[in-house]
Structure formats: structure tokens, C-alpha cells
Amino acid sequence: MKGKLCVITGANAGIGYETALGLAKMETDLVIISKNESRVKTTIDKIKTESGHKNVEGIVADLSSQKEIKKGAKEILDKYTKIDVLINNAGTWYSNLTYTDENIEMQFAVNHLAYFYLTHLLLPALANSDDPRIINVGSDSHFSGKIHFNDINLTKKYHGLRAYSQSKLANILFTYEFNRRNPLKKISINCLQPGLVKTNIGLKHTVALHGLAWKLRRLRGITPAEGAETSIYLASSDDVKGISGKYWDKSKMKKSSKRSYIKEDAQRLWLLSEKLCDIDDYFSVISEE
């Protein structure tokens with residue numbers, strides 16, 4: 001991984017931080033994306049100190065805002081013409097229905113559309129790598145998920161778990177549909193489940209009862225470093241070169257939910273995502289090979 005460039009979202013803490021640290025220890029050059037400037041600086045300094053690797057920098061962008069995603073992607077492309085690995089890792093949880101500036105439900109926006117949009121914007125640089133890899137951090141929560149096409153914001157019956165499982169199913173549908181549509185076959189894309197990890201995702205935007213439930217549930221979880229192992233494996237291992245459109249758990253392929261294989265849903269979600277991100281032709285920024 002020495003000399004390769006990895007862009008990773010949500011690297012300030014938890015799985016994202018441990019993924020970034022693990023790759024930095026392999027001398028991977030890193031660009032981390034986060035909405036908090038002071039935390040980005042702190043994270044960069046910490047990764048440099050703990051890994052001994054100095055090629056780590058940050059981009060400040062709020063992934064709930066498509067305007068900021070576009071601005072952050074431009075900053076990256078202005079500096080780098082080649083990206084070897086993109087890890088869409090950032091995720092969020094909300095107990096109550098909350099909207100982004102684009103009037104999209106927050107979990108669907110951050111957990112799915114940010115993956116979809118950032119990947120599109122960075123495709124030109126990914127296409128310049130010899131072995132470009134896109135890694136989407138999903139969750140087995142998708143097994144209880146359903147895409148509510150007639151009410152994607154869940155305005156009629158909102159619950160944090162319904163919104164989260166919908167967004168995680170969207171991660172896998174996006175992964176599979178990207179793989180089917182991808183004109184540049186050297187670009188691989190995979191989705192993974194990190195496991196039940198001891199992080200703070202269930203504490204930041206939750207009501208008291210949900211926060212307590214998460215504190216109790218995560219007691220059974222693995223460490224963030226353990227949760228990062230599959231992301232690091234997919235980013236770095238020669239064993240997975242050329243493997244694409246798969247779902248992974250503990251660095252091994254496994255079956256995802258029955259709903260995740262419904263091609264009509266994947267196609268419908270793709271078109272909806274293009275519309276919500278104002279994308280005319282997702283792959284127009286790269287040439288077929």
C-alpha cells in the first residue's frame with residue numbers, strides 16, 4: 001500500500017479512525033473527510049503520531065450537504081489526479097425525523113446518498129489507478145431493511161431503526177447496481193458488514209431511551225479496531241483484486257438479504273439517487289474500457 005492514496009469518510013473516531021490508522025501503518029497516503037475542522041486536525045496529528053506515517057491530510061465537508069460534498073470532492077481532485085481506494089465509511093443515526101438542506105431524511109442522505117454522490121464525483125481520479133477499489137461500509141441491519149419508495153423520508157411512520165436499516169440496504173443495492181452498470185471493469189466495488197462495534201453512533205442524535213438501548217447493546221460488541229479489519233483487508237489485500245459486487249463479513253464473502261438481490265429495486269433506487277443528486281449520467285465522467 002506504500003504510495004497509494006486512500007480517501008476515507010468518517011475517520012475521526014470508531015471504525016473509520018481504526019481503518020485510517022491501519023492503512024497509515026501500511027504507509028498508505030490518506031485524505032480523510034469530516035465536517036469538523038478542529039477534529040480533523042486532531043485526528044490527523046493522532047494518526048501521524050501513532051502510525052509514523054506523515055502523508056495524512058483532511059478535507060472539511062458536511063456529508064449531509066450535497067453542496068459541501070461537491071466542494072470537498074473538488075478540493076481533492078484539484079490536488080490529486082489518482083485515487084486508489086475510496087472508503088465510504090461515515091454513518092449517522094437519528095431517533096427523530098430530521099431533514100438535510102435538500103429536504104432529504106438525514107440517515108438516507110448521509111448513509112446512502114453521500115456514498116452514491118461522492119463516488120460519482122471521484123470517479124475520474126479512481127479511473128486513473130491501476131487497481132481502483134470502492135469500499136462501502138454497510139451493516140447486517142439491512143436484513144430488516146426495505147426501501148420505502150413511496151415515502152423515502154418515512155414521513156408517515158418514522159423510526160430511527162427503520163431509517164437506518166433502509167439506508168444500509170441502500171448501501172448494498174448501490175454496490176450491486178454499480179457493479180452491473182460499471183463500464184470500467186478495473187474498478188471494483190464491495191460492501192461490508194463490520195459487525196456490532198462499540199462506537200458512539202447510537203448516542204449522538206438519539207432520545208434518551210434509544211441512547212440507553214445502544215449503550216446496553218454495544219456491551220456485546222467488538223472493538224473498533226476489530227470492526228475495521230474487513231475494510232483494511234478489502235483496501236489492501238491482493239487476494240481480492242478484481243473481485244467486485246460482493247458482500248463481506250470478517251474478511252469473507254457472504255450472502256446478503258433476499259431484498260438486496262431484487263434488481264428492479266436496485267435500478268429504481270439508482271434512478272431515484274441520480275435524481276436526488278442531480279446527476280444526468282453517472283458514468284459519463286469516465287471512459288469505457
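Loop only by DSSP, 15 or fewer other Cβ within 10 Å of the Cβ. Give me the GluC sites (Glu not before Pro) in the stretch 8-40 that pass, ordered by residue number. Let's see the in-between values first.
On the way: sites: E18, E27, E37; in loops: E27.
When the GluC sites (Glu not before Pro) of the stretch 8-40 are filtered for loop state and at most 15 Cβ neighbours within 10 Å, E27 remain.
Roughly how many Å is it from the Cα centre of the stretch 113-154 to that of the stretch 74-94, as a whole number?
Computed from Cα coordinates, the inter-centre distance equals 12 Å.
Under a GNM of the chain (C-alpha, springs under 10 Å), which listed residue has the highest mean-square fluctuation: G22, G242, G91?
Sorting by GNM fluctuation, first place goes to G242.
Among I32, I286, F174, which residue has its Cα furthest toward the positive end of the charge dipole of the chain, with +1 on Lys/Arg Cβ and -1 on Asp/Glu Cβ?
F174
Just checking my list (i) 17.5, 52; (ii) 39.2, 181; (iii) 19.2, 65 against Rg and Dmax of the Cα atoms in Å computed from this structure; which label fits?
Computing Rg and Dmax of the Cα atoms in Å and matching it to (i) 17.5, 52; (ii) 39.2, 181; (iii) 19.2, 65 gives (i).
What number comes out for the charge environment of E57, summing +1 per Lys or Arg and -1 per Asp or Glu over other residues with Cβ under 12 Å away?
Residues close to E57 contribute a combined charge of +1.
To the nearest 0.05, what FRET efficiency results for D239 and K25 with a Förster distance of 30 Å applied to their C-beta separation?
With R0 = 30 Å, the Cβ-Cβ based efficiency is 0.95.
Distance in nm between label sites at K54 and R268, each 7 Å beyond Cα in the beta-carbon direction?
Using points 7 Å along Cα→Cβ, the separation is 5.4 nm.
How far apart, in nanometres, would the label points at T81 and S141 be if each is projected 7 angstrom from Cα along the Cα-to-Cβ direction?
About 4.1 nm separates the two model spin labels.
With charges only on Cβ, +1 for K and R and -1 for D and E, what is the dipole size of the stretch 5-276 about its Cα centre, in debye, rounded to 20?
820 debye
From the cross-link list K4/K41; K186/K252; K67/K185; K41/K252; K4/K250; K250/K275, which pairs have alpha carbons spaced over 32 Å apart?
With Cα atoms farther than 32 Å apart: K41/K252; K250/K275.
If exposed means no more than 14 neighbouring beta carbons inside 10 Å and the site is in a DSSP loop, what's the longest run of the chain without any exposed trypsin sites (Lys or Arg not before Pro)?
Counting only loop sites that pass the neighbour cut-off, the longest clear stretch is 83-145.
May I ask you to list, by number, the DSSP H helices of the chain whose Cα span along the axis is at least 15 Å and whose average Kyte-Doolittle hydropathy reaches 0.0 or more? Numbers along the way, then the final one.
Details: long enough: 14-25 (17 Å, 0.42); 37-51 (21 Å, -1.15); 66-79 (20 Å, -1.38); 114-126 (17 Å, 1.33); 160-181 (31 Å, -0.53); 263-276 (19 Å, -0.79).
Length and hydropathy pass: 14-25, 114-126.
At a threshold of 8 angstrom on Cα-Cα distance, excluding pairs fewer than six apart, so keeping six or more, what relative contact order does the stretch 5-276 reach in percent? Write down the numbers at each step before the final one.
Numbers: 519 pairs, mean separation 51.0, N = 272.
For the stretch 5-276, the relative contact order is 19 percent.
Assuming R0 = 35 Å, can you tell me the calculated FRET efficiency for the pair D281 and T223, based on Cβ-Cβ distance, to the nearest 0.05?
Efficiency at R0 = 35 Å is approximately 0.25.
Whole-Å semi-axes of the stretch 79-132's equivalent ellipsoid, largest first, each the root of 5 times a Cα gyration tensor eigenvalue? Intermediate values should be presented prior to the final figure.
Working: eigenvalues 164, 23, 10 Å².
Those come to 29, 11, 7 Å.
FYI, it's all coordinate maths here, none of it is from the lab. This structure is a prediction, so every number in the text was calculated from the model and none was measured. No Cβ is skipped: glycine too gets one built from the backbone with ideal geometry, and neighbour counts run over all protein chains shown.
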